[in-house]
Number of protein chains: 2
Amino acid sequence: MKIGKGVEWAAHACAILALLPPGAALPRDALAAFLGVPAPYLAKQMQALSRAGIVSAQPGVAGGYRLFRPSEDISLWDITAAVEGDAPSFRCTEVRRNGPCGASSAECPGPCDIAAAFRRAEAGFRETLAAVPITDVVAGATRVATDARKQRIKDWLHENATRRA
Amino acid sequence: MKIGKGVEWAAHACAILALLPPGAALPRDALAAFLGVPAPYLAKQMQALSRAGIVSAQPGVAGGYRLFRPSEDISLWDITAAVEGDAPSFRCTEVRRNGPCGASSAECPGPCDIAAAFRRAEAGFRETLAAVPITDVVAGATRVATDARKQRIKDWLHENATRRA
């Protein structure tokens, strides 16, 4: 069971985009440099976020990524589902129906206890992540950052963000 | 994010092994036939269960698989961890330390809110599965099985199980 590192990147990307002033965007290469991750791989995650309506991507010199909706409306589950898909991790193939003693339809009124337990476990997993908006991630990171670093980030964003004409 | 189907097979395998009378074992091919899954792939999952001390595998004509500990002491998490590994699904690569504005050690007293949320989500996932012993899975399946099917399973086990001399 693995969550690709694209999820970590995408979450951190949303957190930095949440700091952009209104109307500003961050070009792909600047975003990748800020996060210290390879731009082509990051672009893949950003495409997934864009398809999910979490970020928007403007082409051109004044283009780049920005959040498409307020950061309080983007949860860690939204980002995980965008990057990894939201299909259940456990896929029940109804093994109980197989073989010489397979259960009949009448004996399978609902999911078996194995499938039901995984559904509950996954629902809890989703709910925990859905309860954490990017706003909280940004607030947590801001709380531990020194004033010097906050200023460095602000300056860097000012230098690297693009703006609509 | 995916859980391999080997987990489903392994869980069902443990459930049927829980029905064996004391001293009996089920050969690999019989177990695969019962579950309606390919024997070589199932063998891989059974090896993982064996390494985790969940089943034991006896070689030879009177050999086969049996549970190595009582079914109430085998949870769906034990089986998942045996087959998929128990490493965290989300691996934090400390992206916050990267790039031109990377956080210093002093600014990282604990995991960031992203990593912390995934830790909580995964702990909940584990706990939900850990609360379901194979005993419960067997009881649930028995509850919905017809008497005819229970007898068919009993007969099939009688025909296919091996016994220590």
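Values computed for the structure shown
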| quantity | calculated |
| --- | --- |
| Filter on B:K2/B:K150; A:K44/A:K150; A:K2/A:K154; A:K5/A:K150; A:K44/B:K44; B:K2/B:K154 - keep pairs with C-alpha separation over 30 Å | B:K2/B:K150; A:K2/A:K154; A:K44/B:K44; B:K2/B:K154 |
| Expected 222 nm ellipticity per residue - DSSP helices of 4 or more, -39500 (n - 2.57), all of chain B, to 500 | -16500 deg cm²/dmol |
| Neighbouring partner chain Cβ atoms per residue of A:28-39, average, 10 Å criterion | 3 |
| For residues of B:106-114, the mean tally of beta carbons on other chains within 10 Å | 6 |
| Whole-angstrom gap from the range A:1-41 to the range B:79-115, using each part's C-alpha centre | 16 Å |
| Using a 7 Å Cα-to-Cβ projection, A:D29 label spacings across copies, nm, ascending | 6.3 |
| Teacher prompt: B:T146 distances to equivalent labels in other copies, 7 Å Cα→Cβ, nm | 7.5 |
| Spin-label pair B:S105/A:A39, simplified geometry with 7 Å Cα→Cβ offset, distance in nm | 3.3 nm |
| Nearest-first distances (nm) between copies at B:R119, label 7 Å from Cα via Cβ | 3.2 |
| Stokes-Einstein translational diffusion, the protein assembly as shown - Kirkwood Rh over all Cα pairs, 1.567 mPa s, 4 °C, in µm²/s | 58 µm²/s |
| For the range A:23-126, diffusion coefficient by Stokes-Einstein and Kirkwood Rh (Cα), 20 °C, 1.002 mPa s, µm²/s | 126 µm²/s |
| Pair A:S56, B:E94: separation of 7 Å Cα→Cβ label points (nm) | 3.8 nm |
| Among A:I114, A:H158, A:L49 the positive-end extreme of the charge dipole of chain A (Cβ point charges) | A:H158 |
| Rounded to the nearest 20 debye, dipole of the range B:10-138 from Cβ charges on Lys, Arg, Asp, Glu | 300 debye |
| Radius 11 Å from Cβ of A:A11, net charge of other residues (Lys, Arg +1; Asp, Glu -1) | -1 |
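Here, each number is a calculation from the coordinates, and none is a lab measurement. Source: prediction; values computed, not measured. When we count neighbours, we look across all protein chains shown, and the Cβ atoms used for this are built from the backbone with ideal geometry, even at glycine.
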